[in-house]
Amino acid sequence: GSPSQSLAASAFPALFARLQQMTPAPSVRLRTRNQDQNLAAFMKQEADIMLGYLPRTSPRIPFGETVVSRTWRRDALVPVVGGAMRDRLRDGGRVPPGTPLIEYPQDSEFGRLIARNSAESVLRLDGPIRVESAFSIGVASMVLTGVGVGWVPQSLVEEHLRSGEMVALSSDYGRVPLDAVLNAHVSNQHATQALDHLVG
């Protein structure tokens, strides 16, 4: 999946609004890449601040004392349905066997997290794969129109869940707790000040 793009859609507007409250307001260039590319650019100091999802059960990246890391927001990957699929839900938020799925590629970050979760969950989603997409924003759009069950960051679809356009499935299918983590090099004073402003 593309955690970077999910965060760009769900978190960046709020982060940007907070940054604009700083004096002087910093200029911002947003880049979305996969986690390895983000980390490589950050380590070469080609990026001032790195924002990424980290599974809450995983250890933090061992940066040592050269990097400040702060949790900005708690989130979770959750299975959801929308459109006509909402009418197929059974008591307790379960879907009938064979309900179509929208999946992330197995070798993607979100794909691996969901596979690990499914192996440990009480219930598994075992329907046919209708669409495979690496883009969580696209997965959310397809879920909204009733294409199938999809896993998305809860923060990305919060409004749709509140309005009832989407419904989160039973906790028996599991969920993947995530932290949205901000990182800055200690040596980069502007970046660490921005981090303090964002999470202070």
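Filter the range 55-90 down to residues that are without any contact (Cβ under 8 Å) to a residue 24 or more places away in the chain, more than 21 Å from residue 10 (Cβ to Cβ) and of a type in the set (Gly, Ala, Ser), then give me how many there are.
Total meeting the criteria: 1.
What residue, among those in the range 69-80 that are under 18 Å from residue 199 (Cβ atoms) and within 14 Å of the chain's Cα centre (by Cα), is surrounded by the most Cβ atoms within 10 Å (Cβ to Cβ)?
From the range 69-80, those under 18 Å from residue 199 (Cβ atoms) are 69-75; that's our starting set.
Remaining after also requiring within 14 Å of the chain's Cα centre (by Cα): 71-75.
Numbers: 71: 13, 72: 18, 73: 18, 74: 12, 75: 23.
Looking at residues that are under 18 Å from residue 199 (Cβ atoms) and within 14 Å of the chain's Cα centre (by Cα), I get 75.
Residue by residue through the range 1-32, note down the ones that are of a type in the set (Gly, Ala, Ser) and loosely packed, with under 15 Cβ neighbours inside 10 Å. Full working, then the answer.
Taking the range 1-32 first, the residues of a type in the set (Gly, Ala, Ser) are 1-2, 4, 6, 8-11, 14, 17, 25, 27.
The answer is 14, 17, 25, 27.
Name every residue in the range 36-68 that is under 19 Å from the mean Cα position of the chain (by Cα), hydroxyl-bearing (Ser, Thr, Tyr) and closer than 20 Å to residue 194 by Cα, in order of residue number.
Matches in the range 36-68: 53 only.
Tell me which residues, restricted to the range 148-200, are without any contact (Cβ under 8 Å) to a residue 40 or more places away in the chain and either touching a Phe, Trp or Tyr at 6+ places or on another chain (Cβ under 6 Å) or within 20 Å of residue 100 (Cβ to Cβ) (or both).
Selection gives nothing.
Within the group 58, 10, 27, which residue is at pLDDT below 85 and touching a helix residue (DSSP H, G or I) at 6+ places or on another chain (Cβ under 6 Å)?
10
For a quick check of your reading of the model, give me the residue pairs whose first member lies in the range 33-51 and is in contact (Cβ under 8 Å) with a residue 24 or more places away in the chain and surrounded by 12 or more Cβ atoms within 10 Å (Cβ to Cβ), whose second is among the aromatic types (Phe, Trp, Tyr) and in a helix (DSSP H, G or I), with beta-carbon atoms closer than 7 Å and at least 6 apart or on different chains.
As it stands, the answer is 50/42, since those pairs meet every condition given.
Could you please find all residues in the range 6-55 being closer than 19 Å to residue 74 by Cβ and not hydrophobic (A, V, I, L, M, F, W, C)?
Across the range 6-55, the qualifying residues are 6, 10, 13, 18, 35, 52, 53, 55.
The values are calculated or read from the model by the stated rules, or taken from the named source; none is laboratory data. These figures come from a predicted structure and were not determined experimentally. Because the Cβ atoms are built from the backbone with ideal geometry, glycine has one as well, and the counts that use them run over all protein chains shown.
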